[in-house]
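**Student:** Starting off with a structure, shown below.
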Amino acid sequence: MRDKLESSSAVSQRDVIRAIRLWRFFWQRHVLNSDSAPRGTRLRASRALLLSFGMTYYVGLNSEQRKLFVKTICGYFEEIKAAETSGSVDLPEVLEEEMSLYMEHIDPGPGIAFTKALKENVFAIVVGIECNIPVMIVGMPGTGKTLAVNVATNVLRGDRSVPFFRQFQDVANSVFRYQCSKESTSKQIHELFENALRFKQQADSSTRRCPVVFIDEAALPPESMESLKAMHYWIDQGELFCCVLANKPLDAAKRNRCLQVFRDEADGEDLKVLAANCLGVSLEDPSSAAVVSGFCGAFREISRGQEKGPVVQSMPLASLAACYCQVDARSP
């Protein structure tokens, strides 16, 4: 990883600790959910290890880096892949299957499409809360970062959750939000965490109540002010779960302390899922699928014509689709 990314901070001891904690979590989940989990101890352990690698490294890479990572990692599982027939040991496939298992039990709300990007964001937050691993999601506006926090925290409601999530943490009414600005101070960050810690200390110890510290727009405060450096202390203490959202990568010291999710340019499949949802059509219908494909192609061409270059995100696509539906509704 260090050689390929040309960065000495690409892999750290914190990554190793996170990977072990994640492997234990996924292994235990597979044991508890034996009906839906793959059969065979070796296959379960291998898939848990792949999920651990996936969440520790894979989701934090861009699309090209992900391809290289998969090619490198999957080479170590060739022997198991040849011997096992009851389940896949292909990293993207294993990750997609696990995410889909969780998303089946989540209603994102009306008008919201479960794109791959939103799945990854929600999955990372849910897993991060369960493992008490801080999560940092980096991506341009419109990539489902804030939406993912809302979806994830709405579904984790302890005994009031749907059966699948009933044994997970309870974060209902326990989210401590902070919107960063250029004037943010370290005092404000400390106060945010202190409030969350007091809430945790006052909560009934017999419950699974878990406060969530949510910091949005973390790239806004100037690095020279070092206001977000206050997070280092609290993350290192490990008493509170923290989710950080930013439009651009933060410094290595913060990235190293978090499970990172990097939101690359939206891929073609995600755009189709989103467009189909916005237009109210099904991709299973050939004629509708053709309309969606043409719509997404036109959107890409429009995006390439913008001054800032070919930045394709989901929010502008949704806005364009909404305008299209309004115009179509007025057509005779």
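The values are calculated or read from the model by the stated rules, or taken from the named source; none is laboratory data. Note that the structure is predicted; figures quoted are calculated from it, not measured. Neighbour counts are summed over all protein chains in view; Cβ atoms, including those assigned to glycine, are modelled from backbone coordinates with ideal geometry.
**Student:** Would you mind telling me which numbered condition in (1) polar (S, T, N, Q); (2) in a loop (DSSP other than H, G, I, E, B); (3) modelled with pLDDT under 95 Asn154 fails?
**Tutor:** Here Asn154 clears every test but (2).
**Student:** A further question on this structure: Could you check the stretch 55-71 and list, in sequence order, the residues that are free of Cβ contacts under 8 Å to residues at least 12 places away in the same chain and either touching a Lys or Arg at 6+ places or on another chain (Cβ under 9 Å) or over 23 Å from Pro249 (Cβ atoms) (or both)?
**Tutor:** Lys71
**Student:** Additional query: Can Ala246 be described as closer than 12 Å to Phe193 by Cβ and touching a residue at least 40 places away in the same chain (Cβ under 8 Å)? Lay out the reasoning, then the answer.
**Tutor:** Details: closer than 12 Å to Phe193 by Cβ: no; touching a residue at least 40 places away in the same chain (Cβ under 8 Å): yes.
No: the conditions fail for Ala246.
**Student:** Something else about it: Do we find that Phe241 is modelled with pLDDT of 95 or more, in contact with a Leu (Cβ under 9 Å, 6 or more places away or on another chain), aromatic (Phe, Trp, Tyr) and in the same structural domain as Glu130 (by TED's automatic domain parsing) in this structure?
**Tutor:** Considered against the rule, which asks whether it is modelled with pLDDT of 95 or more, in contact with a Leu (Cβ under 9 Å, 6 or more places away or on another chain), aromatic (Phe, Trp, Tyr) and in the same structural domain as Glu130 (by TED's automatic domain parsing), Phe241 comes out as no.
**Student:** Let me confirm something: among Ala117, Ala152, Ala148, which residue is outside the structural domain of Leu50 (by TED's automatic domain parsing), buried (at least 22 other Cβ atoms within 10 Å of the Cβ) and under 30 Å from Met225 (Cα atoms)?
**Tutor:** Numbers: Ala117 fails: under 30 Å from Met225 (Cα atoms); Ala152 fails: under 30 Å from Met225 (Cα atoms).
Going through Ala117, Ala152, Ala148 in turn, just one is outside the structural domain of Leu50 (by TED's automatic domain parsing), buried (at least 22 other Cβ atoms within 10 Å of the Cβ) and under 30 Å from Met225 (Cα atoms): Ala148.
**Student:** If you don't mind, another one. May I ask you to list the residues in the stretch 227-248 that are of a type in the set (A, V, I, L, M, F, W, C) and part of a loop (DSSP other than H, G, I, E, B)?
**Tutor:** Within the stretch 227-248, just Leu240 meets the criteria.
**Student:** Separate question: Residues that are of a type in the set (Gly, Ala, Ser), surrounded by 12 or more Cβ atoms within 10 Å (Cβ to Cβ) and closer than 23 Å to Ala117 by Cα: does the stretch 253-261 have at least one?
**Tutor:** no
**Student:** Of everything in the stretch 176-186, what is surrounded by fewer than 18 Cβ atoms within 10 Å (Cβ to Cβ) and touching a residue at least 40 places away in the same chain (Cβ under 8 Å)? Give them in sequence order.
**Tutor:** Of everything in the stretch 176-186, those that are surrounded by fewer than 18 Cβ atoms within 10 Å (Cβ to Cβ) and touching a residue at least 40 places away in the same chain (Cβ under 8 Å) turn out to be Ser181, Lys182, Thr185, Ser186.
**Student:** Name every residue in the stretch 188-226 that is more than 30 Å from Arg160 (Cβ to Cβ), assigned to a helix (DSSP H, G or I) and in contact (Cβ under 8 Å) with a residue 40 or more places away in the chain, in order of residue number.
**Tutor:** Within the stretch 188-226, Ile189, His190, Met225 qualify.
**Student:** Identify all residues within the stretch 195-235 that are acidic (Asp, Glu), surrounded by fewer than 15 Cβ atoms within 10 Å (Cβ to Cβ) and closer than 26 Å to Asn121 by Cα; write none if there are none.
**Tutor:** Start the filter on the stretch 195-235 by keeping residues that are acidic (Asp, Glu), which leaves 204, 216-217, 223, 226.
Filter once more, so that each one left must be surrounded by fewer than 15 Cβ atoms within 10 Å (Cβ to Cβ): 204, 223, 226.
Selection gives Glu223 alone.
Every residue, every condition in (1) under 19 Å from Asn247 (Cα atoms); (2) at pLDDT 95 or above; (3) over 19 Å from the mean Cα position of the chain (by Cα); (4) not aliphatic (A, V, I, L, M), yes or no:
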residue: His190; (1), (2), (3), (4): no, yes, yes, yes
residue: Phe193; (1), (2), (3), (4): no, yes, yes, yes
residue: Ala196; (1), (2), (3), (4): no, yes, yes, no
residue: Gln201; (1), (2), (3), (4): no, no, yes, yes
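**Student:** List the residue pairs whose Cβ atoms are under 6 Å apart, where the first residue sits in the stretch 94-105 and is over 17 Å from Pro163 (Cα atoms), the second is surrounded by 15 or more Cβ atoms within 10 Å (Cβ to Cβ) and small (Gly, Ala, Ser), and the two are 6 or more positions apart or on different chains.
**Tutor:** Val94/Ser88; Leu95/Gly54
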